[in-house]
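Notes follow the structure.
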Amino acid sequence: MDRAALASFLRARRERLRPEDVGLPAGARRRVEGLRREEVAQLALMSVDYYTRLEQERGPQPSPQMLASLTRALRLSRSERDHLHRLAGHVPPERSGSADHVAPALQRVLDRLGDVPALIISELDETLAQNDLARAIFGARELRTGPERSGAWSWFAHPAAERAVYPASEHARQSRAVVANLRAVAGRGGPASRAARLAADLRTRSAEFAGLWDLEEVAERFADHKVLLHPAVGEIEVDCQALFTEDRSQALLTLTPEPGSDAAEKLRMLAVLGPLATERSPR
């Protein structure tokens, strides 16, 4: 770990960003170029003290998870992400199938979405970033680790917890959609892909998954009408739309209610409640 070079790189990346670049209000009488340290810490979901110690060359070696958070917060490109890992004494993640890098173009759009739930997911339904309204509904899914990062895995491996956000009447339809989407991803990636390995693991773990997999259904599942459940406001009807990266490895999902509808009012209530509305915790 090169503490001096890491500190210099973090400062330089922080100073090149403006608040409006990351969806934060500019405010008045800013005394620093770019973002403040506390703003980077907020975006990276880490303590201000931890981030400050990194910039002051006295912090511990960041874990790969911490580096992934910093990559998202500082809007780093893949090359910059790889450089960050090397400075911190880690081997950069594989570029093929990696789920710790958010496409900057999608992140910029997400930064500007505050009035509807929105999240960025990988092709394996791993939540890479989400706004506050998405956290209020789904919990902080971007903090998940291991196999549970994949929504497909959690849907079948932990059905009681994962399916609580959907009415029981929607579970069967959603299960078929999850499996059909995973088959499409595995087909693109081939038998050695992460998607194919995930499907093989789920076949041995879940009889429900195995039965649906044998149906050979293939479909993209993002553009859809959904009914979501929240313990504070009840059912929320939304339309789901997706904006993909060019290689379709990531998608920005927006969940929009009918204008003037009951669902729109419920989302406004969740936005006002803020952190109090986030009753679902990450696995």
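Want the number for Thr145 to Ser47: 0.36 nm per residue separation, take away the alpha-carbon distance, what's left?
Values: separation 98, 0.36 × 98 = 35.28 nm, distance 1.92 nm.
That works out to 33.4 nm of additional length.
How about region 207-265: which GluC sites (Glu not before Pro) there are in a DSSP loop, with at most 16 other Cβ atoms within 10 Å of their Cβ? Working shown, then result.
Details: sites: Glu208, Glu216, Glu217, Glu220, Glu235, Glu237, Glu246, Glu265; in loops: Glu216, Glu217, Glu220, Glu246.
Of the GluC sites (Glu not before Pro), the ones in loops of region 207-265 whose Cβ has at most 16 other Cβ atoms within 10 Å are Glu216, Glu217, Glu220, Glu246.
For the pair Ser261/Asp247, report the inter-label distance in nm, with labels modelled 7 Å from Cα in the Cβ direction.
Distance between the two pseudo-spin positions: 3.5 nm.
With a cut-off of at most 16 other beta carbons within 10 Å, and DSSP calling the residue loop, which trypsin sites (Lys or Arg not before Pro) in region 31-127 qualify? Please list them. Show your work: numbers first, answer last.
Working: sites: Arg31, Arg36, Arg37, Arg53, Arg58, Arg72, Arg75, Arg78, Arg81, Arg86, Arg95, Arg108, Arg112; in loops: Arg31, Arg36, Arg58, Arg75, Arg95, Arg112.
The qualifying sites are Arg31, Arg36, Arg58, Arg95, Arg112.
Considering the dipole of the chain built from charges on the beta carbon (Lys and Arg +1, Asp and Glu -1) around the Cα centre, which of Leu119, Gly89, Thr71 is farthest to its positive end?
Of the options given, the answer is Gly89.
Counting other Cβ atoms within 10 Å, keep those with at most 14, restrict to DSSP loop, and tell me which trypsin sites (Lys or Arg not before Pro) in region 162-261 are left.
Arg248
Which of rounded, prolate, oblate describes region 104-277, given a ≥ b ≥ c as roots of the alpha-carbon gyration tensor eigenvalues and a/c under 1.5 marking rounded, otherwise prolate only if a/b is larger than b/c?
On the way: a/c = 1.89, a/b = 1.49, b/c = 1.27.
The shape class here is prolate.
Select from the chain the helices, each a whole stretch of DSSP H, whose alpha-carbon atoms run 24 Å or more along the helix axis and whose Kyte-Doolittle mean is at least -1.0; answer none if there are none. Mind showing how you got there, number by number?
Details: long enough: 171-189 (27 Å, -0.23).
What comes out of the filter, once short or polar helices are dropped, is 171-189.
Any idea what the dipole of region 3-87 comes to, in debye rounded to 20, about its Cα centre with Lys/Arg Cβ at +1 and Asp/Glu Cβ at -1?
The dipole of region 3-87 has a size of about 120 debye.
Rounded, prolate or oblate: which fits region 35-84 when a ≥ b ≥ c are the square roots of the eigenvalues of the alpha-carbon gyration tensor, with rounded for a/c under 1.5 and prolate only if a/b beats b/c? Before the final figure, lay out each step's value.
Values: a/c = 1.75, a/b = 1.28, b/c = 1.37.
In terms of gyration-tensor shape, oblate.
Using 1/(1 + (r/R0)^6) with R0 = 30 angstrom and r between the beta carbons of Glu235 and Arg176, what's the FRET efficiency to the nearest 0.05?
Details: r = 21 Å, r/R0 = 0.70.
Result of the calculation: an efficiency of 0.90.
Using a 7 Å offset from Cα along Cα-Cβ at His83, what residues in region 6-48 end up with backbone N under 12 Å from the label point?
6, 8-14
Decide, for region 1-155, between rounded, prolate and oblate: order the square roots of the alpha carbon gyration tensor eigenvalues as a ≥ b ≥ c, take rounded if a/c falls under 1.5, and otherwise choose prolate if a/b is larger than b/c, else oblate. Mind dumping the intermediate values first?
Details: a/c = 1.87, a/b = 1.18, b/c = 1.58.
Note, shape of region 1-155 comes out oblate.
All of the numbers you see were taken from the coordinates with simple rules; none came from a lab. Please read these numbers as outputs of a predicted model, since none were measured by experiment. Positions of Cβ are generated from backbone atoms using ideal geometry, with glycine treated the same way; all protein chains shown enter the neighbour counts.
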